[in-house]
Amino acid sequence: MAIKIQSPLTRDDAKKLRAGDSCLISGVIYAARDAAHKRLCQLIKDGKTLPFDVKDSIIYFVGPTPAKPGQVIGSAGPTTSYRMDAYSPDLIAQGQTGMIGKGKRGPEVVDAMKKYGAVYFGAIGGCGALLGKCIKKSEVIAYDDLGAEAVRRLTVEDFPVVVIIDSLGNNLYETGRDNYLKSLSEK
Amino acid sequence: MREINAKLITQTVKKLCIEANCYLGEDIKDRIQKFYEEEPWPQAKEVLGRIIENYNIAKDTDQPICQDTGMACVFLKIGQDVHVVGDIKEAINEGVRQGYEEGYLRKSVVRDPIDRVNTGDNTPAMIYFDIVKGDKIEITIAPKGFGSENMSRIAMLKPSDGLQGVKDFIVQTVKEAGPNPCPPIVVGVGIGGTFDKAAYMAKEALLRPVDVHNQTPFYAQLEGELLESINSLGIGPQGFGGKTTALAVNIEWCPTHIAGLPVAVNINCHVTRHKTEVI
């Protein structure tokens, strides 16, 4: 049974989630990927204000396709997260509590997640058409010049994700594989 | 000598860019469906079910299956009795430009790998020409996403590494990639040739339908054996655990130097896209 989550997500709520939990996210999340992360972290370094409130935020690593007439957004599945590893720890230190992407994360990110209390969700990669339907509003709020890489404020409804890494450092990529292989040897 | 106007190439490229991105090939769909039915691990089956739901939504709404609509890799087999009237490379890029704009596809190309400014129209395409017999042109568009491209590897093995070295490198590449390239994946392999030829063959291997084996019995058997090894790693769809890590292993091979054993692995995701038309 999927756990319903509201975004913004408080640290306390983020800490309750465990690797392997299926969740449905509703509320406001922010879209940002490589180029936007680079700019956001430069702002942090320079002590400047970020284009959105990072505290308790969930950031979705996504660069959607353009919306067709009448559509809110085009296809919008996750991009591979490790490219954001250089930036995520700084944003987590600023109060970010959730990330949505796909694929492995580096130890520096997991350390920051454990230290501050944050969670890493996986959405199904390559399912952009399906995931785009869960996005009910989309608005570019910064870096329009980056095109697909601009920062967007997204309102989502029952956006399906799975907790990959929780705030204790448990990792579904390890436990999922191990449990499956164990099930074979038990047969 | 048959004359083909470059404008016809533009129109064909444009159409194929849109179709390849919105409608998944029957061979891949059949393979995903088969593996869905055979998958023993419940979480893995659920993910495969979502993947099937997704490509059906894309087809019914004429929208991209995945938001990474890729770099446009364009393969042309040009009959030697064809004369193209006009600038063939510009015609291809114009087709990509129009297809990505009119098809509402994402523009994912930067003009320089270091300064990284988006070209805004998904050009330039990666173009590969081949000259063949006849008076026709076969055009294939394969939009390539980079989540999987980034997990691809090449090794210049020693002849003494032999068959076992080749197998180990391929399986190890898939293992290290883990969840990153959006499994279930299609594994394109190029064995032999030179450094660049091996990489090219690995990409070319991804154009072959997943239900067609290499014509050489030895390599056909190797494809089956490698698929079995990869699907016992336990990575599973999206890396959540399960049997279905790869949908197929496609190998291309060619002669090589006495001192070398090049092996390239080009990984593609479950959205392995390619569309061909002959003009």
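No lab work stands behind these numbers, since they all come straight from the coordinates. Just so it is clear, the model here is predicted, and its values are computed rather than measured. Every residue, glycine among them, receives a Cβ derived from its backbone with ideal geometry; neighbour counts consider all protein chains shown.
Using the Cα centre of chain A as origin and beta-carbon charges of +1 (Lys, Arg) and -1 (Asp, Glu), tell me which of A:I3, A:N179, A:G63 is placed farthest towards the positive end of the dipole. Comparing the listed Cα positions along the dipole, A:N179 ranks first. Annotation for region B:121-222: trypsin sites (Lys or Arg not before Pro) lying in DSSP loop with at most 14 further Cβ atoms inside 10 Å of their Cβ are B:K133. Projected onto planes of every orientation and averaged, the convex hull of the alpha-carbon atoms in region A:3-185 covers 10.2 nm². Around the Cα centre of chain B, unit charges on the Cβ atoms of Lys, Arg, Asp and Glu (plus for the first two, minus for the last two) sum to a dipole of about 280 debye.
For region B:70-213, a crude dipole built from +1 on the beta carbon of Lys and Arg and -1 on the beta carbon of Asp and Glu, taken about the Cα centre, is about 420 debye to the nearest 20. Taken along the Cα-to-beta-carbon direction at a fixed 7 Å, the label points for A:A93 and A:K48 span 1.9 nm.
Comparing A:A67, A:A32, A:A142 in a Gaussian network model of chain A (Cα springs below 10 Å), the most mobile by mean-square fluctuation is A:A67.
Cβ crowding within 10 Å, taken as a proxy for footprinting-reagent exposure, orders B:T12, B:T69, B:T61, B:T272 from fewest neighbours to most as B:T61, B:T12, B:T272, B:T69. Charge dipole (Cα centre; +1 on Lys/Arg Cβ, -1 on Asp/Glu Cβ; no other charges) of the protein assembly as shown amounts to roughly 740 debye.
When the charge dipole of the protein assembly as shown is built from unit charges on Cβ atoms (+1 for Lys and Arg, -1 for Asp and Glu) and taken about the Cα centre, the candidate among A:G106, B:T245, B:L222 whose Cα reaches farthest toward its positive end is A:G106.
Of interest is the spacing of the C-alpha centroids, which for region A:110-138 and region B:10-45 amounts to 23 Å.
In a fully extended conformation the segment linking A:E139 and A:D111 would gain 6.9 nm over its present Cα-Cα distance, using 0.36 nm per residue.
Pairwise inverse Cα distances across chain B, averaged and inverted, put the Kirkwood hydrodynamic radius at 19.5 Å. Sort out for me the Cα centre separation of region A:1-76 from region B:202-224, rounded to whole Å. Going from one Cα centre to the other spans 41 Å.
Structure note, pairs A:K102/A:K182; B:K133/B:K158; A:K38/A:K102; A:K133/B:K77; B:K203/B:K243: Cα-Cα distances above 28 angstrom occur for B:K133/B:K158; A:K133/B:K77. Rank B:V186, A:F121, B:G134 by how far each Cα sits towards the positive end of the charge dipole of the protein assembly as shown (+1 on Lys, Arg Cβ; -1 on Asp, Glu Cβ) and give me just the farthest. Projecting each Cα onto the dipole axis, the largest value belongs to A:F121.
For A:K55, the aspartates and glutamates whose Cα falls under 13 Å of its own Cα, not counting residues fewer than eight places away in the same chain, are A:D12, A:D90.
Once the gyration tensor of the Cα atoms in region B:147-272 is diagonalised, the equivalent ellipsoid follows with semi-axes of 22, 14, 13 Å, ordered largest first.
Put simply, the Cα atoms of the protein assembly as shown extend 72, 54, 41 Å along their principal axes, the longest span coming first. Look at the alpha carbon pairs under 8 Å that are at least 6 residues apart: their mean separation over the length of region A:3-185 gives a relative contact order of 30 percent.
The distance between label points at B:K133 and A:Q6 comes to 7.2 nm (points 7 Å beyond Cα on the Cα→Cβ vector).
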